[in-house]
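Visitor: I am attaching a structure below and will ask some questions about it afterwards.
The values are calculated or read from the model by the stated rules, or taken from the named source; none is laboratory data. Because the structure is a prediction, the values reported are computed rather than measured. Note that we place each Cβ from the backbone using ideal geometry, even for glycine, and neighbour counts take in every protein chain shown. What goes into the accessible areas is simple: the full protein's heavy atoms, side chains included, and nothing from ligands, DNA or RNA. Shrake-Rupley method; radii C 1.70, N 1.55, O 1.52, S 1.80 Å.
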Amino acid sequence: MSDLMREACLIDGRWVTGEQWITVDNPASGEPIGRVPRCTGAQTAQAIEAAARAMVPWAKRTAKERAQVLRRYYELIIANQEALAALLTREQGKPLAEARSEIVYAAGFIEWFAEEAKRVYGDVLPSHAADKRIVVLKQPIGVVAAITPWNFPAAMITRKIGPALAAGCGVVLKPASQTPFSALALGVLAQEAGLPDGLLNVVTGSAAEIGDVLTSSETVRKLSFTGSTEVGARLYAQCAPSIKKLSLELGGNAPFIVFDDADLDAAVVGAIQSKFRNAGQTCVCANRIYAQAGIHDAFVERLAAATAKLHVAAGTEAGSEIGPLIDEKAVAKVREHIADALSQGARVVTGGQAHALGGRFFTPTVLAGVTQSMAIAREETFGPVAPVFRFDSEDEVIAMANDTPFGLASYFYARDLGRVWRVAEGIEAGIVGVNTGLISTELAPFGGVKLSGLGREGSRYGIDDYVELKYVCLGV
Ligand SMILES: NC(=O)C1=CN([C@@H]2O[C@H](COP(=O)(O)OP(=O)(O)OC[C@H]3O[C@@H](n4cnc5c(N)ncnc54)[C@H](OP(=O)(O)O)[C@@H]3O)[C@@H](O)[C@H]2O)C=CC1
Ligand SMILES: O=C(O)[C@H](O)CS(=O)(=O)O
């Protein structure tokens, strides 16, 4: 067990366990790698109380003092990149190279919000009366509950705790049950960085039981959730009675459009990067690939050739590019999407079947002849399958791209300036990648529209969701 691995929860500065446990397995082998406590509702309530108590002195510290602690936290995450990456690959399965990148990405949110802590500015506004002055204060919103998914076990956490801690809030974090160890390791480093006891609490266990306590608590003033739209909507409803502020980063169904005037080789590189990162298990993966008639056949041929070269192996194996899927349910969904597409006339260009490694490994796949009526066009595959649709006109493909209740990420390759503006403005999404398949950075506002969620994470906008505005009307 690495010295960052904890089989315990962090509540009020203490590592605690319970009477029941949840076993965590290695997706590459299916073998158990450890266990974490199944925290009770009472333990969750203790964590909320600890966060509320610890945030009072924390919020009273100067912004610069908070920034200095967060800066130390950032430096410790970077210093422990290798150990954190190894732990992340063991519990989530992604290639070690991707895990190392995720740790840098995760650290980037702490670095960024350490700086943003010092720039939470209020306002003095022109008054409405000679004997009044208008002052706007920005104050920490209160205790923050953060619930995170398994696909980015480190970055999805720091993307939430970074702004929360920078703003002066206390946090109760519930990581995904399949990938708790990265979160607990970040708890170890938070203590080492000097975060006060109780400010960051990490509870593991039954999502519903912990979620019920977090969403019903009136002490919790903010819920930040990343995960499926189904669960996000449920949490939204559960938070209504206590009128919490919500950030919801939910599911996607990203279109990836290649126009006739695209740089075809660049488009193939971008499609591979967007589609197969984390074995396709990201909410911003290209989920539908549209190729214009003039380049369709050449693009499909080149995409299939590049896809067939991807190295499928356990994440710990040198050169691994595609690791295992998180669980058997994920493999079943990939099979269902392929079978449904083939039953409606699509064809396999490469892949299409489980990998020789067996278990949760699946061969990177390209389908052609895909249409909007297929399940793979309507649902998020969350796996290594690239479905290619043919289209003729710009208006037609914008309509196809927008023919989804989701609106998180989108991508297109084109070089005509007018087309770039028309398509970027016409696509209904929170994020548009133009001539790139990689859009993830802590410096930009990340989030979606429609059923993909509420709010933005990262960037100078990201801290707004963790403060409240207070209007002070000053009689003079
Ligand atoms: N927009 C974005 O940035 C992202 C969106 N996603 C989306 O999430 C999905 C895949 O991730 P996945 O983890 O399976 O998503 P889930 O929504 O199933 O789970 C996300 C988190 O919510 C918890 N959870 C589940 N049910 C409840 C509940 N009733 N009350 C409280 N918490 C609950 C889970 O806990 P437990 O693990 O214990 O079940 C987990 O920690 C995909 O749809 C993907 O698109 C994923 C990542 C990023
Ligand atoms: O969980 C996800 O899919 C992440 O939000 C993707 S990203 O932040 O790495 O782009």
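Visitor: Just to confirm, what accessible area per residue do you get for region 116-173 at 1.4 Å probe, in whole Å²?
Guide: Values: 1930 Å² over 58 residues.
Accessible area per residue: 33 Å².
Visitor: Could you tell me which of rounded, prolate or oblate describes the chain, using a ≥ b ≥ c as the square roots of the eigenvalues of the alpha-carbon gyration tensor, with rounded for a/c under 1.5 and, failing that, prolate when a/b is larger than b/c and oblate otherwise? Don't skip to the answer; put the middle values down first.
Guide: Numbers: a/c = 2.07, a/b = 1.37, b/c = 1.51.
The shape class here is oblate.
Visitor: When all protein chains stay in place, what accessible area (Å², nearest 10, 1.4 Å probe) is found for residue 340?
Guide: 40 Å²
Visitor: Something else now. Are there trypsin sites (Lys or Arg not before Pro) in region 271-375 that DSSP marks as loop and that have at most 13 other Cβ atoms within 10 Å, and which are they?
Guide: Values: sites: 275, 277, 288, 302, 309, 329, 333, 335, 347, 360; in loops: 309, 360.
Sparse-neighbourhood loop trypsin sites (Lys or Arg not before Pro): 309.
Visitor: Okay, moving on. Let's test the formula: R0 of 51 Å, r as the Cβ-Cβ distance of residue 357 and residue 127. What FRET efficiency results, to the nearest 0.05?
Guide: Numbers: r = 69 Å, r/R0 = 1.36.
Rounded to the nearest 0.05, the efficiency is 0.15.
Visitor: Rolling a 1.4 angstrom probe over the protein heavy atoms, how many square angstrom per residue are accessible across region 326-476? Could you put the intermediate results ahead of the total?
Guide: Details: 6730 Å² over 151 residues.
So region 326-476 comes to 45 Å² accessible per residue, rounded to a whole number.
Visitor: Between the alpha-carbon centers of region 198-273 and region 348-413, tell me the distance in whole angstrom.
Guide: That distance is 22 Å.
Visitor: For the pairs 64/94; 94/222; 174/309; 64/450; 94/309; 275/450, note any where the Cα-Cα span goes beyond 28 Å.
Guide: Details: 64/94 36 Å; 94/222 31 Å; 174/309 38 Å; 64/450 37 Å; 94/309 18 Å; 275/450 22 Å.
Violating the 28 Å limit, Cα to Cα: 64/94; 94/222; 174/309; 64/450.
Visitor: In the full protein assembly as shown, how much of residue 134 is accessible to a 1.4 Å probe, in Å² to the nearest 10?
Guide: My reading of the accessible area for residue 134 is about 20 Å².
Visitor: Now a separate question. Straight-line reach only, C-alpha to C-alpha below 12 angstrom: list the aspartates and glutamates that residue 333 could link to, leaving out same-chain residues fewer than 8 apart.
Guide: Reachable aspartates and glutamates: 379, 380.
Visitor: What whole-number value in cubic angstrom gives the convex hull volume per residue for the C-alpha atoms of region 1-69?
Guide: Numbers: hull volume 9.0 nm³, N = 69.
Taking only Cα atoms, region 1-69 has a hull volume of 130 Å³ per residue.
Visitor: Leaving ligands, DNA and RNA out of it, report the carbon-plus-sulfur percent of the accessible area of region 1-72 at a 1.4 Å probe. Walk me through the numbers before you get to the answer.
Guide: Details: 1820 of 3720 Å².
Exposed carbon and sulfur together represent 49 percent of the surface.
Visitor: Quick one: which residues, 5 or more positions from residue 25 or on another chain, have an amide H under 5 Å from its amide H? H modelled 1.01 Å from N in the peptide plane, none for Pro or chain starts.
Guide: 33
Visitor: Now for a different question. What number, in percent, do you get for the relative contact order of region 255-434 if the mean sequence gap of Cα pairs under 8 Å and at least 6 apart is divided by its residue count? Could you put the intermediate results ahead of the total?
Guide: Details: 345 pairs, mean separation 50.7, N = 180.
Once normalised by length, the contact order is 28 percent.
Visitor: When the solvent-accessible surface of protein heavy atoms is calculated with a 1.4 angstrom probe, in what order do 328, 321, 457 fall, highest first? Present the calculation step by step, with values, prior to reporting the outcome.
Guide: On the way: 328 115, 321 85, 457 5 Å².
If we order 328, 321, 457 from most to least accessible, we get 328, 321, 457.
Visitor: What is the distance in Å between the Cα centroid of region 115-130 and that of region 69-88?
Guide: 34 Å
Visitor: Can I ask one more? Roughly what percent of Cα-Cα pairs across region 255-434 reach past 25 Å? Don't skip to the end; give the middle numbers.
Guide: Values: 4433 of 16110 pairs.
Beyond 25 Å sits 28 percent of the P(r) for region 255-434.
Visitor: Also, quick follow-up: When the expected Rg is taken as 2.2 N^0.38 Å, what fraction or multiple of it is the alpha-carbon Rg of region 118-229? Each step should come with its number before you reach the end.
Guide: On the way: Rg = 17.3 Å, N = 112, 2.2 N^0.38 = 13.2 Å.
Scaled against compact globular proteins, the figure is 1.31.
Visitor: May I ask you to give the percent of accessible area on region 255-434 that is carbon plus sulfur, with a probe radius of 1.4 Å?
Guide: On the way: 3530 of 6700 Å².
Roughly 53 percent, rounded to a whole number.
Visitor: For the full complex of protein chains and a 1.4 angstrom probe, list 355, 128, 337 by accessible area with the highest value first.
Guide: Numbers: 355 50, 128 125, 337 5 Å².
Ranked from most to least accessible, the order is 128, 355, 337.
Visitor: Further question: Show me the ranking of peptides 199-206, 161-168 by mean Cβ neighbours inside 10 Å, starting with the highest. Intermediate results must be reported in sequence, preceding the final value.
Guide: Values: 199-206: 26.4, 161-168: 28.6.
With the highest mean Cβ count within 10 Å placed first, the list reads 161-168, 199-206.
Visitor: Another one. If I model a spin label as a point 7 Å beyond the Cα along the Cα-Cβ vector, how far apart are those points for residue 297 and residue 335 in nm?
Guide: 3.5 nm
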